[in-house]
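What follows is one structure encoded as structure tokens, with my remarks underneath.
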Amino acid sequence: MFSRAEFDRRIACARDAMASAGVDLLLVDSGELLAWLTGYTVSETMYRAAFLPREGDAWFALRALDEAPCREKSWISDVVGFADTDEAQAAVAASIRERRFAGARIGLDTNSYSMSAATFMRLSVLLPNASFIPMPGLSDSLRWVKSEEEIAILRQASPIADKAMLEVARQARPGMTTRDAAAIASQVFLREGADTGEVGSVVKATGSHEFLHGAFKTETITEGDVLHVELIPRVRNYGARMMRPIVVGAPSAELTATAGKLVELQDRQIMAMKPGAIARDVDAIMRRGALDTGLRPTYENVTAYTLGLYTRTPRTSDFSRVFLPTSNFVLEERMVFHLYATARGLGFSETVVVDKEGGTRLTKTPRLVLAPNPGWPLVKRWIDHRLCVCSGKAAFEPPIARVTTSSLRSL
């Protein structure tokens, strides 16, 4: 659980937003905002919500079965549990009436995936004297800028991605399957303290960038194949993300050149991620660069999206802040993004926090096409060395994780 000072900061941010909207009571029902504001979140098996008044004590209304863990993990002491035989929306509305907010101006995030049309209409019927004030996107916007405590957790999650990626690369060989690779990463996740063993996209890379959302299936890896590995470890619901290509065998000259160009463009993006920068300008570095150099014929997807808190939600990525040519928002210190670049069957991505002097990589695996060979123990030693000396700032790396005897003498 975060410190009480951290929760006090979050409560103050929420109440500032409430004051701006002129609301008396904030209804919180999205999984991420529940976790962020209260310290506890739970799936929507039955509707549940927490409430924060402009003045007075907050409360939580949820299934009685979830009451004990809520009391254990949240700073909220007023927890209302209702039976499974009760109508959830009716129980939630009753808690509002009992605390004399039946005629209040109630703010709610109309973008929340938990605030369905049916739930909104039912609450409107149950609370006819209340005024419901739309606060669209609040569940995301309150969390865009991370605290030092949040970034500290992301710094715990990121090395798990690094360790898992190197372990997959170390064991990569002809005849293994994508399922084998995912299992290796999953084991590292659980052993190193991740919340779950869910690892992300592990597929054979094909085409230009279409593999990014390829369906997971059991595919056998053969000599020369590119294994695309995206890792998404979460610690206390905070997720870091990283992508790397792993080639079993000798990488082609084309792969080597493509990797070098992608990493160089991404380095320039990371260096540009300073407070005050406009998102579209940072996006243009990769988008225009990839098009101008012929890496991609078109570039229609985002080049980054916001990272942070993930819970049980219908979405696997948070696109409330993205890098596109139309993204006019200003970067702020301690925003965190998943920055990614793909072309010609290769994908590189990083977890990047906006710092005063530019972006800082929290994931620190070398920016390379990882290519294990019979000399892998020496290669791994070289990579481990690079991990130790990496400052976290953008720095160009050679595009292939193969070393010569002379390059190892410096270790």
ask   = Which of the residues that make up the stretch 1-50 are aromatic (Phe, Trp, Tyr) and in contact with a Phe, Trp or Tyr (Cβ under 8 Å, 6 or more places away or on another chain)?
value = 7, 40
task = Would you be able to say whether some residue in the stretch 19-40 is among the aliphatic types (A, V, I, L, M) and modelled with pLDDT under 95?
result = no
task = Would you confirm whether any residue within the stretch 20-39 is in contact with a Pro (Cβ under 7 Å, 6 or more places away or on another chain) and open to solvent by less than 40 Å² (accessible area, probe 1.4 Å)?
result = yes
Top-ranked residue in the stretch 110-126 [being buried (at least 21 other Cβ atoms within 10 Å of the Cβ) and of a type in the set (A, V, I, L, M, F, W, C); ranked as nearest to the chain's Cα centre (by Cα)] = 115
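So which residues in the stretch 163-176 are open to solvent by 20 Å² or more (accessible area, probe 1.4 Å) and not in a helix (DSSP H, G or I)? Explain how you work it out, then say what you get.
First, pick out the residues of the stretch 163-176 that are open to solvent by 20 Å² or more (accessible area, probe 1.4 Å): 163, 167, 170-171, 173-175.
Scanning the stretch 163-176 gives 173, 174, 175.
Conditions tested, residue by residue: (1) open to solvent by 30 Å² or more (accessible area, probe 1.4 Å); (2) free of Cβ contacts under 8 Å to residues at least 60 places away in the same chain; (3) under 24 Å from residue 312 (Cα atoms).
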| site | (1), (2), (3) |
| --- | --- |
| 89 | yes, yes, yes |
| 108 | no, no, yes |
| 151 | no, no, yes |
| 159 | yes, no, yes |
query = Does any residue in the stretch 12-36 that is in a helix (DSSP H, G or I) come within less than 7 Å, Cβ to Cβ, of a residue that is of a type in the set (Phe, Trp, Tyr) six or more places away or on a different chain, and which pairs are these?
reply = 34/40
key: Search result, residues across the stretch 279-293 that are open to solvent by 40 Å² or more (accessible area, probe 1.4 Å) and either among the small types (Gly, Ala, Ser) or under 23 Å from residue 353 (Cα atoms) (or both)   = 280, 281, 288
request  = Enumerate the pairs (first residue in the stretch 335-351 and in a strand (DSSP E or B); second residue anywhere and surrounded by fewer than 24 Cβ atoms within 10 Å (Cβ to Cβ) and of a type in the set (Lys, Arg)) with beta-carbon separation below 6 Å, excluding pairs fewer than 6 apart on the same chain, so at least 6 apart or on different chains.
outcome  = 336/146; 343/296; 350/361
message = Would you confirm, using the coordinates I've provided, whether residue 299 is without any contact (Cβ under 8 Å) to a residue 60 or more places away in the chain, buried (at least 21 other Cβ atoms within 10 Å of the Cβ) and outside any helix (DSSP H, G or I)?
response = yes
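Here's the yes/no breakdown for (1) at pLDDT 95 or above; (2) open to solvent by less than 10 Å² (accessible area, probe 1.4 Å):
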residue	(1), (2)
1	no, no
4	yes, no
12	yes, no
49	yes, yes
61	yes, yes
101	yes, no
query = Residues that are touching a residue at least 40 places away in the same chain (Cβ under 8 Å): which strands (runs of 3 or more DSSP E) entirely in the stretch 186-280 hold 3 or more of them?
reply = 226-231, 242-247
query = Restricted to the stretch 213-235, and to residues that are within 27 Å of the chain's Cα centre (by Cα) and at pLDDT below 90, which residue is most open to solvent (accessible area, probe 1.4 Å)?
reply = 213
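The values are calculated or read from the model by the stated rules, or taken from the named source; none is laboratory data. For clarity, every value in this text was computed on a predicted model and none was experimentally measured. Here Cβ is always computed from backbone atoms with ideal geometry, including for glycine, and neighbour counts include all displayed protein chains. Note: areas computed on protein heavy atoms with side chains; ligands, DNA, RNA excluded. Shrake-Rupley method; radii C 1.70, N 1.55, O 1.52, S 1.80 Å.
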